[in-house]
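Reading through the structure tokens given below for one structure.
The values are calculated or read from the model by the stated rules, or taken from the named source; none is laboratory data. Just so it is clear, the structure is predicted and the values come from calculations on it, not from any experiment. Cβ placement follows ideal geometry from the backbone for every residue including glycine, while neighbour counts extend to all protein chains displayed. Side chains included, ligands, DNA and RNA excluded: accessible areas come from the protein's heavy atoms. Shrake-Rupley method; radii C 1.70, N 1.55, O 1.52, S 1.80 Å.
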Amino acid sequence: MKKIGIFYGSSTGMTAEVAQEIAKKLGVADGDVHDVAKSSPSDVAPYDVLILGSSTWGAGELQDDWYDFLDGLEVLELKGKKIALFGCGDESMSDTFCGALGELYNRLQKTGAGFVGYFNAEGYDFDESPAFIDGVYVGLLLDNVNKEELTENRLNEWVAKVKSEI
Ligand SMILES: Cc1cc2nc3c(=O)[nH]c(=O)nc-3n(C[C@H](O)[C@H](O)[C@H](O)COP(=O)(O)O)c2cc1C
């Protein structure tokens, strides 16, 4: 059985709520769901699978609590672990939708971890997203500001995909 840890950063609670939903669907215990504001990068050590979530702020930037955590995480050797990304954004910010996921994806390449949970969901309405890389979304992009009604299905499909890939 693979050990799964969920790490999220959230300013108004949206991504935190999604992290709890994902935990429920994957059977991840409360103690394995971590707010990056209260965690240190070495906390990822016990896990085979890291599910990482950030909302996007500014213009396509990471949620604030991610900055220090990611500085420490990106220099770790994570070969053999798998990473799946999810995040909340607002697709009306049409050039930077869920940009934080693009930054997480790019900066974590050098850890040697393998990525899972690429996900081409339907129903988005934006011009560009930094999380759309080489023709695919690098994780689960959610918009609970404009398209909350699509979230449950997107979540279920993505969780099933992640399950099949870990
Ligand atoms: C000032 C501000 C800037 C934002 N910038 C972006 C952005 O560039 N791209 C995006 O997709 N969403 C952006 N958002 C939307 C948030 O990511 C969205 O509200 C999200 O649900 C917040 O999640 P959280 O409560 O987990 O932090 C922005 C929101 C605010 C208030």
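For residue 141, the stated conditions hold: it is closer than 16 Å to residue 100 by Cα and touching a Gly at 6+ places or on another chain (Cβ under 9 Å). Within the stretch 54-111, the only residue that satisfies the criterion of being more than 9 Å from the ligand (Cβ to nearest atom), exposed (fewer than 15 other Cβ atoms within 10 Å of the Cβ) and of a type in the set (A, V, I, L, M) is 75. Filtering the stretch 115-150 to residues that are in contact with a strand residue (DSSP E or B) (Cβ under 7 Å, 6 or more places away or on another chain) and surrounded by fewer than 14 Cβ atoms within 10 Å (Cβ to Cβ) leaves only 120.
As a summary of the residue check, residue 27 satisfies the conditions (1) surrounded by fewer than 15 Cβ atoms within 10 Å (Cβ to Cβ); (2) within 14 Å of the ligand (Cβ to nearest atom); (3) more than 16 Å from residue 62 (Cα to Cα) except for the one numbered (2). Taking residues in the stretch 37-54 that are farther than 16 Å from residue 112 by Cα, and partners anywhere that are open to solvent by 60 Å² or more (accessible area, probe 1.4 Å), the pairs with Cβ atoms closer than 8 Å and at least 6 places apart or on different chains are 46/3.
Conditions tested, residue by residue: (1) under 26 Å from residue 164 (Cβ atoms); (2) out of contact with any strand residue (DSSP E or B) (no Cβ under 9 Å at 6 or more places or on another chain); (3) polar (S, T, N, Q); (4) in contact (Cβ under 8 Å) with a residue 24 or more places away in the chain.
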site: 59; (1), (2), (3), (4): no, yes, no, yes
site: 72; (1), (2), (3), (4): no, yes, no, yes
site: 85; (1), (2), (3), (4): yes, no, no, yes
site: 90; (1), (2), (3), (4): no, no, no, yes
